[in-house]
Amino acid sequence: MAGTRRWQKGALLGSAPFALWAQLFVLAMLALPPQALARCELDRADASVAVSYIYDGDTVQLTDGRKVRFIGINTPEIDHDGGASEPFSHAARKRLQQLIGDSSIRLRYGKERTDRYGRLLAHPYLADGRSINVLLLQEGLATSLAVPPNTGNHACYHAAEHQAREQRLGIWAHSRYRPVSPADLPRGKPGYRLVEGVIEQVVESRNSIWLELAGPMALRIARKDLVNFTDWTLLELVGRRVIVRGWPRLSKGKWRMSLRHPAAMEILTGE
């Protein structure tokens, strides 16, 4: 590939050692007060709205016709065209229907108000202030998802997900949510997945940093997103076994996945 540089050892991208960053992140998580780990506090409500339809566990339609995509979580997809839905997709939708009932919900907007599909982006809360996202995460019906610039509450959401994973609740007891190697991904559109492998090298191109995962898979960090990775020394990842999460796509016989935030990667210890 013209205009690229391949690094395996000796050059650094970032400012602080990655191992130190990972330790500080874990310590910060543990330092959160218990109530913050149990629920993301509603510090303000930007709107109180009524829901007319629930598409799945993370997307609803309001009575005024607008669609709302919940910030910070991803729930299994329902195939509304009659195809095969993902495991626990209907359970997540049913639980959201139970939580909302006939009541209005409260929304807190993120820095980015709408997505590329024109949907409103917001953190959802029940009328009593409880976080809908946290409830779904704690019950194993959602995964945490950090999409810049809307990364507020992520530490809390991650903690709620971790609780469900430890207890193997909901999706975390299903084989689909066990990390797989790139070679074991199903062809076509595999959907949201957790992928495990060893990072073999770092490749720089004009617009991206690529982490080459054995399997093979290329993990792309766009240069415009490097601002979210300022505490990373990416070359320290070479040789490390990681679990990444996101939506793999097959391009020219090789899997690719975009990483926009460090929360999309988990570094395994003891490797």
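Computed from backbone phi, the HN-Hα couplings of the range 111-125 come to 5, 9, 7, 9, 9, 5, 8, x, 7, 6, 10, 7, 7, x, 9 Hz, rounded to whole numbers (Karplus: 6.51 cos²θ - 1.76 cosθ + 1.60, θ = phi - 60°; Gly and Pro given as x).
Overall shape: rounded for the range 189-271, with the ratio a/c of the largest to smallest alpha carbon gyration tensor axis below 1.5. Based on the Cβ-Cβ distance of E200 and T63, what FRET efficiency does E = 1/(1 + (r/R0)^6) give at R0 = 41 Å, to the nearest 0.05? Efficiency for this residue pair is about 0.20. Using a/c under 1.5 as the rounded threshold, could you call the range 59-110 rounded, prolate or oblate? The axes a ≥ b ≥ c are square roots of the C-alpha gyration tensor eigenvalues, and prolate needs a/b larger than b/c, oblate otherwise. It is prolate, given that a/c is not under 1.5 and a/b is the larger ratio. Label point 7 Å out from S258 along Cα-to-Cβ: which residues of the range 113-145 have amide N under 14 Å? Only 115-117 pass the distance filter.
Between the beta carbons of Y53 and K189, assuming R0 = 25 Å, the FRET efficiency works out to 0.50 to the nearest 0.05. Applying both filters, DSSP loop and at most 15 other Cβ atoms within 10 Å, to the GluC sites (Glu not before Pro) of the range 37-130 gives E41.
When the surface is traced with a 1.4 Å probe over the full set of protein chains, S208 keeps roughly 10 Å² accessible. Among the chymotrypsin sites (Phe, Trp or Tyr not before Pro) within the range 84-149, those in coil by DSSP and having at most 16 neighbouring Cβ atoms inside 10 Å are Y117.
Computed extension length for S175-A127: 13.8 nm, one decimal, from 0.36 nm per residue of separation with the Cα-Cα distance subtracted.
The trypsin sites (Lys or Arg not before Pro) found in the range 175-271 that occupy coil by DSSP, while having at most 13 further C-beta atoms within 10 Å, are R187, R206, K252.
The values are calculated or read from the model by the stated rules, or taken from the named source; none is laboratory data. Just so we're clear, the structure is a prediction, and the values are computed from it rather than from any experiment. Neighbour counts run over all protein chains shown; Cβ positions are idealised from the backbone, glycine included. Please note that ligands, DNA and RNA were not included when accessible areas were found on the heavy atoms of the full protein model with its side chains. Shrake-Rupley method; radii C 1.70, N 1.55, O 1.52, S 1.80 Å.
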